[in-house]
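> To start, I am sharing the structure in question, which I have written as structure tokens.
The values are calculated or read from the model by the stated rules, or taken from the named source; none is laboratory data. Keep in mind the model is a prediction, meaning the values are calculated, not measured. Cβ coordinates were reconstructed from backbone atoms using ideal geometry, including for glycine residues, and neighbour counts include every protein chain displayed. With ligands, DNA and RNA removed, areas are computed over all heavy atoms of the protein, side chains included. Shrake-Rupley method; radii C 1.70, N 1.55, O 1.52, S 1.80 Å.
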Amino acid sequence: MTWLSGLPSTLRTSYLSDMRLLDSGFVRFWALIALVAALLLPLALTSFWTGVANQAFIAIIGALALNLLMGTTGQISLGHAGFIAAGAFTTAALVTHLHAPLLVILPAAALVGAVLGVLVGLPALRLKGLYLAVSTLAAHFVIIVELGQYQAQISYGSGFAIPSPSVLGVEIASERGWYFFLLPAAIAVLLVNVNWLRSAFGRAWMAIHHRDVSAESLGINAARYKLLAFSASTSLTCFSGALWAYHTGFVSVEAFDIHMLIQFLAMVIIGGLGSVLGSILGAIFVIVLPNLISSAANALPFLQGLGGKVFEVQIGIFGLIMLVFLILEPRGLAGIWARVRFYFQLWPFKYRSWES
């Protein structure tokens, strides 16, 4: 059995190995490659595609927040677009009335999200399944209506212009400048998210997801941890909404519709529910795909006749892809990556079932 010593270690044999962020040389190698590629990417991209990458960073933060609630804790939420709107309008209000700087507005938006999470989570403690989904969807509409009233009174319905922010005296105005601000922001949220999952909170959330009654029998206060999950998720969501407002430069309540909700649901479903990596891959996929479709519609002669139907085509493709993943690949893009990773980790040895 000496040949076994040549195999890479894919099994976790101690608590320390289970707690490592980068648990193998394979993962460390590809994490380094991804980081270097991300730092060099703006050099190869046009301003338009750098802007798409910035949208993807903001979407990654929002997808990680939704996955924390739906994928990790098992609490269905259809109010995600409303919480993003709350973060964006927090930015608009603080900029309009107080001229607050970026480094003040971002923590304020996260705090607003944490409070909203408690307010929405309290009535949802005794709800599950469809009833929980309907209650969070109702919260979305309540938030949108209230923000619409605020927009009508303050800006007479025209929305709010958000000027380019400054950080330590440096103005962030170009897409490349935003790229090098949003990249570390997304990495920071990723590290926070991963460490939450490694903590007692994360293990309690996962226990509640699998069986909340069994979790309570083990001494876990399910109501408390559900509230914490709602609060943590909506805090990150409002944080991403604040970044969205600054990057877009304009905030209007009409932007936060059901289409935005469908986009984020597609991110966590296509990426793989419960997977941090899946949320990242799903966010990139959902943000990049519509732009590829639009570029193809403009470049390919047989697609130029689509005209104003590009949006409908995008929605149709999203629906079809979500259906395919739900039927054929429930683990999403993260499941596909796991199979590729295990193949190369075990190569040249192949997995054999016990029956064979």
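> Specify which residue in the list 325, 177, 82 is farthest towards the positive end of the charge dipole of the chain, using unit charges on the beta carbon of Lys, Arg (+1) and Asp, Glu (-1), about the Cα centre.
The listed residue farthest towards the positive side: 325.
> For the stretch 79-200, what is the convex hull volume of its Cα atoms per residue in Å³?
Values: hull volume 17.3 nm³, N = 122.
Residue-normalised Cα hull volume stands at 142 Å³.
> So how strong a dipole does the chain carry about its Cα centre when Lys and Arg Cβ are +1 and Asp and Glu Cβ are -1, to the nearest 20 debye?
Details: 17 positive and 12 negative charges, 205 e Å.
Approximately 980 debye in magnitude.
> Would you be so kind as to identify which of 131, 119, 142 lies farthest towards the positive end of the dipole of the stretch 87-210, taking Lys and Arg as +1 and Asp and Glu as -1 on Cβ and the Cα centre as origin?
Positive-end residue among those listed: 131.
> Please report the carbon-and-sulfur percent of the accessible area for the stretch 186-298; probe 1.4 Å, protein heavy atoms only, DNA, RNA and ligands left out. It would help to have the intermediate numbers written out before the result.
Working: 2950 of 4450 Å².
So the carbon and sulfur contribution to the accessible surface is 66 percent.
> Before rounding to the nearest 500, sum -39500 (n - 2.57) across all DSSP H runs of length at least 4 in the chain and divide by the residue total; then give [θ] at 222 nm in deg cm²/dmol.
Values: 14 runs with 246 residues, N = 356.
Using -39500 (n - 2.57) per qualifying helix, the result is -23500 deg cm²/dmol.
> A further question follows. Read phi for every residue in the stretch 189-200 and hand back ³J(HN,Hα) as whole Hz from Karplus 6.51 cos²θ - 1.76 cosθ + 1.60, θ = phi - 60°, with x for Gly and Pro.
5, 4, 5, 4, 4, 5, 6, 4, 5, 7, 8, 4
> While we're here: Give, rounded to the nearest 20 debye, the magnitude of the charge dipole that the stretch 114-237 has about its Cα centre when Lys and Arg contribute +1 at Cβ and Asp and Glu contribute -1 at Cβ.
Rounded to the nearest 20 debye, it is 500 debye.
> Reported to two decimal places, what Rg/Rh ratio describes the chain when computed on Cα atoms with Rh from the Kirkwood expression? Don't jump to the answer; show the numbers that get you there.
Values: Rg = 21.6 Å, Rh = 21.9 Å.
Radius of gyration over Kirkwood radius for the chain works out to 0.99.
> Return the distance in nm (one decimal) between the two label points of a simple spin-label model at residue 342 and residue 191, each offset 7 Å from Cα along Cα→Cβ.
Simple spin-label model gives 3.1 nm for this pair.
> Let me ask something else about it. Output ³J(HN,Hα) for the stretch 226-233: one whole-Hz value per residue in order, computed from phi by the Karplus curve 6.51 cos²θ - 1.76 cosθ + 1.60 with θ = phi - 60°, and x for Gly and Pro.
Working through the residues one at a time gives 5, 4, 4, 5, 4, 5, 5, 5 Hz.
> Please identify which residues in the stretch 216-248 have an amide N closer than 18 Å to a label point set 7 Å out from the Cα of residue 161, following the Cα→Cβ vector.
245-248
> Sticking with this one: For the chain, report the accessible area per residue in Å² (1.4 Å probe, heavy atoms, rounded to an integer).
Numbers: 18820 Å² over 356 residues.
Here the per-residue accessible area is 53 Å².
> Hey, another quick one. Need the full-extension length gain, residue 180 to residue 130, defined as separation in residues times 0.36 nm minus the C-alpha distance. One decimal, nm. Can you show the working numbers first?
On the way: separation 50, 0.36 × 50 = 18.00 nm, distance 4.06 nm.
Answer, rounded to one decimal: 13.9 nm.
> With a cut-off of at most 15 other beta carbons within 10 Å, and DSSP calling the residue loop, which trypsin sites (Lys or Arg not before Pro) in the stretch 123-223 qualify? Please list them. Please list the in-between numbers first.
Values: sites: 126, 128, 176, 198, 203, 211; in loops: 126, 128, 211.
Passing sites in the stretch 123-223 are 126, 128, 211.
> What are the residues whose amide H is under 5 Å from the amide H of residue 250, where those residues sit 5 or more places off or on another chain and H is modelled from the backbone?
It is 162, by chain and number.
> Per residue of the stretch 109-116, in order, report the coupling 6.51 cos²θ - 1.76 cosθ + 1.60 (Karplus, θ = phi - 60°) as ³J(HN,Hα) in whole Hz, putting x for Gly and Pro.
The phi angles translate into 5, 5, 5, 4, x, 4, 5, 4 Hz.
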